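**Student:** Submitted below is the structure of interest, expressed as structure tokens.
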Amino acid sequence: MSAPSNLPVWQALQAHYAEVAQLHLRELFAADPDRFTRFSRYFGDLLVDFSKHRITDDTLPLLIELARQAQLPEWIDRAFNGEMINHTEQRSVLHIALRNRSNRPIQVKGQEVMPEVNAVLEHMRKFADQIRRGKWRGHTGKRIRDVVNIGIGGSDLGPKMVCQALEPFGDPTLRMHFVSNVDGAHISYVLAECDPESTLFIIASKTFTTQETMTNAHTARAWLVKELGDEAAVARHFVAVSTNAAGVSQFGIDTANMFEFWDWVGGRYSLWSAIGLPIVVYLGMDHFIELLDGAHAMDEHFRTAPLEENLPAILGLLGVWYIDFFGAASQVTLVYDDYLRSLPDYLQQLDMESNGKSIDRAGQAVKVNTGPILWGGLGNNGQHAFYQLLHQGTHLVPSDFLAPAHSPNPIGDHHAILLANALAQAEALMVGKTEAQARAELEKQGLSGEALEKLLPYKVFPGNRPSTSLFYRRLTPQVLGSLLAMYEHKVFVQGVVWNINSFDQWGVELGKQLANAILPELKGERPAGEHDASTLGLIAFCQAPD
Ligand code: G6Q
């Protein structure tokens, strides 16, 4: 496939952009009472409203033509058929197999994968049931009360986010902890909260070699053995999730207590695999299956729906519209749902590690902008912090608003206030406030003359700032599964348009290599090697006596 900017439709999109850039969303809404109906879709209990986007009736057909010219339907088939679309690592990309609830046959290198997938799910179910029913006991016979997942990146962000998101479905007798940071502070404060006799550690690492995870795992192991005074205790307090059986057994974990996954599951796409073990322990297997069901429903939609109706395709293409035509470098996730507080971090990895690339599938430098700088946070808190820039700054930052229509915590007016704020912010970003409106308001407040004119420019909101509203009835496992799968596929759609491989992550390697070189120098085991003056100066500062 050629570079996206060489596709015939690209020029048409540029010409269309020049027209749309002149239009204000205020006017587009005023001119079309059906705009919301035409530009929103339901998916089960999820409502996706993309009417507040800077699009006309001509925009989506052009963007969909872009997807066709980029061969999106063919790429979807390749992905779902297990072809090695992660060409730089020679791997298939089959997180969809992990939630293939219809058991449609899927093969990797001629091997059916579903029997293995289902066997691991069964292993997870049995183990989680034992923990939840108090059948699996610690070394001294106590029930497990604290579960500590030790992992980082894809082996942390997904399970942590889902356990938080679905807390109302969780077992209230279990306390879930997630240790990721190699900063000793993290493991220290988690261990301080745990009773060694009733703590289970899940060491989650695809490779079982990750420096941060292995360092934390060894610290946890040493703590447990010291506290319980017996090496044999490790067997009842440590399990592993990995693709590396040799590494697991070397660590001292019986491979019977290892939950397997495969090289065709990318780290940031792995919460659906055994990496989801903390989710299964906390929520129970039935809820995990509902999560998989929700994702599978979205997978089937993505695989079969025409592009015009295809939610991940529409959302992915809208992202491309802003990044490549409006020059918007950044996008923001605004969460009006406290349970989803870790979603922005999760999506940040999903998007930025997948599409933060500048070399295309042909080994050439890409000529257009690729993945956005994705960030975000709790919307209501953000209003009192960073929204100023969204409303009146110089950058165009398209936003995603997420909110549940109903709360599991119906306390007084809390939820109505939360929703009112979400709705108001999306509206404010879109309509803005004209100079005439601002003037009228100031006059009403009694201002006039020079005082009014001086203040007036600060009171104007340009508006025309686009957003997607992703509202759901309630945050159930099913809804969450669909939502996450939708984002995964959206990222894939964009990778296809840009002709990049969304499934490798070579950009994380260089720092790791250099850290391995610096570590013995920092510890004084080797003199500081060849570094730039800045790095040498910083090493010297760290080595100076305390
Ligand atoms: C995700 C990345 C990365 C990975 C971590 C942890 O796609 O590959 O975030 O998940 O580096 O790796 P391990 O699971 O091998 O410890």
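**Student:** Taking the stated definitions as given, is Arg268 within 16 Å of the ligand (Cβ to nearest atom), at pLDDT 95 or above and among the charged types (D, E, K, R)? Can you show your working first?
**Tutor:** Details: within 16 Å of the ligand (Cβ to nearest atom): yes; at pLDDT 95 or above: yes; among the charged types (D, E, K, R): yes.
It is true that Arg268 is within 16 Å of the ligand (Cβ to nearest atom), at pLDDT 95 or above and among the charged types (D, E, K, R).
**Student:** A further question follows. Of everything in the stretch 95-150, what is under 14 Å from Gly276 (Cβ atoms) and either among the hydroxyl-bearing types (Ser, Thr, Tyr) or in contact with a His (Cβ under 9 Å, 6 or more places away or on another chain) (or both)? Give them in sequence order.
**Tutor:** Once the filter is applied, which keeps residues that are under 14 Å from Gly276 (Cβ atoms) and either among the hydroxyl-bearing types (Ser, Thr, Tyr) or in contact with a His (Cβ under 9 Å, 6 or more places away or on another chain) (or both), the stretch 95-150 yields Arg99, Val147, Asn149.
One line per residue, one yes/no per condition, for (1) assigned to a helix (DSSP H, G or I); (2) out of contact with any strand residue (DSSP E or B) (no Cβ under 6 Å at 6 or more places or on another chain); (3) of a type in the set (D, E, K, R):
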residue	(1), (2), (3)
Val332	no, no, no
Tyr346	yes, yes, no
Leu350	yes, yes, no
Ser354	yes, yes, no
Lys357	no, yes, yes
Gly363	no, yes, no
Lys367	no, yes, yes
Thr370	no, yes, no
Asn380	yes, yes, no
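**Student:** Identify the single condition in (1) away from the ligand (no atom under 12 Å from the Cβ); (2) within 28 Å of the chain's Cα centre (by Cα); (3) crowded, with 18+ Cβ neighbours inside 10 Å that Cys194 does not satisfy, given that it satisfies every other one.
**Tutor:** The failed condition is (2).
**Student:** Next question, about the same structure. If the Cβ limit is 6 Å and pairs must be 6+ apart or interchain, which residue in the stretch 300-329 that is farther than 20 Å from Asp58 by Cα and touching a residue at least 24 places away in the same chain (Cβ under 8 Å) pairs with which residue that is in a helix (DSSP H, G or I) and of a type in the set (Phe, Trp, Tyr)?
**Tutor:** What qualifies is Arg303/Phe80; Ala328/Tyr322.
**Student:** So Ala235 passes all but one of these: (1) surrounded by fewer than 19 Cβ atoms within 10 Å (Cβ to Cβ); (2) part of a loop (DSSP other than H, G, I, E, B); (3) among the hydrophobic types (A, V, I, L, M, F, W, C). Which condition number does it fail?
**Tutor:** Condition (2) is where Ala235 drops out.
**Student:** What are the residues in the stretch 222-251 that are more than 11 Å from the ligand (Cβ to nearest atom) and either of a type in the set (D, E, K, R) or in contact with an Asp or Glu (Cβ under 8 Å, 6 or more places away or on another chain) (or both), if any?
**Tutor:** Within the stretch 222-251, Val225, Lys226, Glu227, Leu228, Asp230, Glu231, Ala235, Arg236, Ala245 meet the criteria.
**Student:** Let me ask something else. In the stretch 101-152, how many are in contact (Cβ under 8 Å) with a residue 60 or more places away in the chain, of a type in the set (Gly, Ala, Ser) and surrounded by fewer than 16 Cβ atoms within 10 Å (Cβ to Cβ)?
**Tutor:** 1
**Student:** Moving on. Among the residues of the stretch 59-81, is any surrounded by fewer than 18 Cβ atoms within 10 Å (Cβ to Cβ) and under 19 Å from Thr468 (Cα atoms)?
**Tutor:** yes
**Student:** Restricting to the stretch 510-546, name every residue that is loosely packed, with under 10 Cβ neighbours inside 10 Å, of a type in the set (A, V, I, L, M) and not in a helix (DSSP H, G or I).
**Tutor:** Result: Ala544, single match.
**Student:** Just checking, how many residues over the stretch 197-206 are within 25 Å of Arg143 (Cα to Cα), within 10 Å of the ligand (Cβ to nearest atom) and in contact (Cβ under 8 Å) with a residue 60 or more places away in the chain?
**Tutor:** Residues in the stretch 197-206 being within 25 Å of Arg143 (Cα to Cα), within 10 Å of the ligand (Cβ to nearest atom) and in contact (Cβ under 8 Å) with a residue 60 or more places away in the chain: 1 in total.
**Student:** Of everything in the stretch 159-174, what is crowded, with 18+ Cβ neighbours inside 10 Å and either touching a Cys at 6+ places or on another chain (Cβ under 9 Å) or acidic (Asp, Glu) (or both)? Give them in sequence order.
**Tutor:** Gly170
**Student:** Considering only residues of the stretch 457-496 that are assigned to a loop (DSSP other than H, G, I, E, B) and aliphatic (A, V, I, L, M), which is farthest from Leu389 (Cα to Cα)? I'd like the intermediate steps shown before the answer.
**Tutor:** Pass one, the stretch 457-496, residues assigned to a loop (DSSP other than H, G, I, E, B): 460, 462-466, 473-476.
Okay, now just the ones that are also aliphatic (A, V, I, L, M), so 460, 475.
Values: Val460: 13, Leu475: 29 Å.
Within the stretch 457-496, the match that is farthest from Leu389 (Cα to Cα) is Leu475.
**Student:** Please pick out the residue among Ala192, Ala165 that is over 23 Å from Gly284 (Cβ atoms), at pLDDT 95 or above and not β-branched (Val, Ile, Thr).
**Tutor:** Of Ala192, Ala165, the one residue that is over 23 Å from Gly284 (Cβ atoms), at pLDDT 95 or above and not β-branched (Val, Ile, Thr) is Ala192.
**Student:** I need the full set of residues from the stretch 123-179 which are of a type in the set (A, V, I, L, M, F, W, C), over 29 Å from Ser407 (Cα atoms), more than 16 Å from the ligand (Cβ to nearest atom) and in a loop (DSSP other than H, G, I, E, B), in order please.
**Tutor:** Scanning the stretch 123-179 gives Trp136, Ile144.
**Student:** Every residue in the stretch 177-190 that is touching a residue at least 40 places away in the same chain (Cβ under 8 Å) and surrounded by fewer than 21 Cβ atoms within 10 Å (Cβ to Cβ), please.
**Tutor:** Answer for the stretch 177-190, where residues must be touching a residue at least 40 places away in the same chain (Cβ under 8 Å) and surrounded by fewer than 21 Cβ atoms within 10 Å (Cβ to Cβ): just Val190.
**Student:** I'd like to verify a number: residues in the stretch 338-366 that are basic (Lys, Arg) and within 16 Å of the ligand (Cβ to nearest atom), how many?
**Tutor:** The number of residues fulfilling the criteria is 1.
**Student:** Next up: Looking at Asp254, Asp286 in this structure, which one is modelled with pLDDT under 95 and away from the ligand (no atom under 16 Å from the Cβ)?
**Tutor:** From the options Asp254, Asp286, the qualifying one is Asp254.
**Student:** What number goes with the only condition from (1) of a type outside the set (D, E, K, R); (2) more than 17 Å from the chain's Cα centre (by Cα); (3) surrounded by 13 or more Cβ atoms within 10 Å (Cβ to Cβ) that Ser502 does not pass?
**Tutor:** Condition not satisfied by Ser502: (2).
**Student:** Could you figure out which of (1) within 11 Å of the ligand (Cβ to nearest atom); (2) β-branched (Val, Ile, Thr); (3) under 22 Å from Val280 (Cβ atoms) isn't true of Thr209?
**Tutor:** (3)
**Student:** Do we find that Ala274 is closer than 21 Å to Leu343 by Cα, within 16 Å of the ligand (Cβ to nearest atom) and either out of contact with any Gly (no Cβ under 9 Å at 6 or more places or on another chain) or free of Cβ contacts under 8 Å to residues at least 40 places away in the same chain (or both) in this structure?
**Tutor:** Judged against the criteria, Ala274 is a match.
The values are calculated or read from the model by the stated rules, or taken from the named source; none is laboratory data. Nothing here was measured: the structure is a model prediction, and the numbers come from that model. Ideal geometry is used to build each Cβ from the backbone, glycine not excepted, and the neighbour counts take in all protein chains shown.
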